[in-house]
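Below: one structure, written as structure tokens.
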Amino acid sequence: MIKVCGFRVSNYHNKVLIALLEKGVAYEEDCNIKPSQKPEYLALSPMGKVPFMEAGGTRLIESGVILEYLEDAYPQKPLLPKDPLARAKVRELVTVIELHLELVARRLYPAAFFGGTSSDSTKQSVEKDLAKGVRTLKALAKFSPFIAGAEFSLADCAAAVHLPVVTLATKITYGRDFLEELPQAKAYLKMLGERPAIAKVNADRREASEAAKAAAKT
Ligand SMILES: N[C@@H](CCC(=O)N[C@@H](CS)C(=O)NCC(=O)O)C(=O)O
């Protein structure tokens, strides 16, 4: 059986869970695993990140690779279209969302979410880089009704977990939601949040986030 290891506030961990639930693949979860640079953790996940997955004695890191593995191993309910170009368009969206939005916004997270600080130069460079990512997403996203078109896909798994964090981090940092440039995004994310798989993962994330906040106070 597949085992997913990570924690429920992690957007990348949650992306994998959404794909598993949407595909109807049975899995086990260890949701008490935190990223670490300690040697014992690096023996499991050499970048020190979450999530990682175990299946049949083999361990996989990188959520994108894990999702591709799930597509190959469990093709019954696909989250990628059949047509090679349509598949590439889904991967293009995932890449833009993760490389040019989430990873850029991540530079704001220490100050926005963890009590750290962001220098003015970080804020300026993130603003400039995020504008490019938002412009690109605006050019590529279909919202008809899903982000890549008529079918729910891996790009929706990525959008469901990453876009809300970009919204939150930019609101906290700049007082403005950078995704306002995409007027359809709000209704689209609401629609995704009504899917049972995403509703469950979001509810578990909220619960884990509240528990972490309560633990930090004690
Ligand atoms: N490219 C990785 C990114 C995973 C990632 O950045 N996970 C975060 C938690 S959401 C993490 O482990 N951060 C700790 C670190 O970067 O050291 C993936 O897709 O799995």
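Suppose the chain between Q184 and D72 were pulled fully straight at 0.36 nm per residue; how much longer would it get relative to their current alpha carbon spacing?
Taking Q184 through D72 to full extension adds about 37.2 nm, to one decimal.
Percent of alpha carbon pairs in region 1-129 separated by more than 24 Å?
Percent of Cα pairs beyond 24 Å in region 1-129: 39.
Using DSSP H assignments, which helices in the chain have an axial alpha-carbon span of 27 Å or above and a mean Kyte-Doolittle hydropathy of 1.0 or higher?
Correct list, ordered by number: 154-174.
Take region 45-107, compute every pairwise Cα distance, and split them into 10 Å bins from 0; I just need the percent in each bin.
18, 43, 33, 7
With each run of n ≥ 4 DSSP H residues scored as -39500 (n - 2.57), what mean residue ellipticity at 222 nm is computed for the chain after dividing by its residue count and rounding to the nearest 500 deg cm²/dmol?
Rounded to the nearest 500, the figure is -17000 deg cm²/dmol.
Would you mind computing Rg(Cα) / (2.2 N^0.38 Å) for region 126-174, counting N as its residues?
It is 1.23.
Past the 19 angstrom mark, what percentage of all C-alpha to C-alpha distances in region 2-73 do you count?
24 percent
For region 102-218, which semi-axes, largest first and in whole Å, follow from the square roots of 5 times the eigenvalues of its Cα gyration tensor?
The answer is 25, 22, 9 Å, longest axis first.
At most 14 other Cβ atoms within 10 Å plus a DSSP loop assignment makes a site exposed; report the longest stretch of the chain without any exposed trypsin sites (Lys or Arg not before Pro).
83-175
Compute the whole-percent fraction of alpha carbon pairs in the chain spaced more than 31 Å apart.
Considering the chain, 19 percent of its Cα-Cα pairs are separated by more than 31 Å.
Readers should treat all values here as calculations from the given coordinates under stated rules, not as data from a laboratory. Because the structure is predicted, anything quoted here is derived from the model rather than measured. No Cβ is skipped: glycine too gets one built from the backbone with ideal geometry, and neighbour counts run over all protein chains shown.
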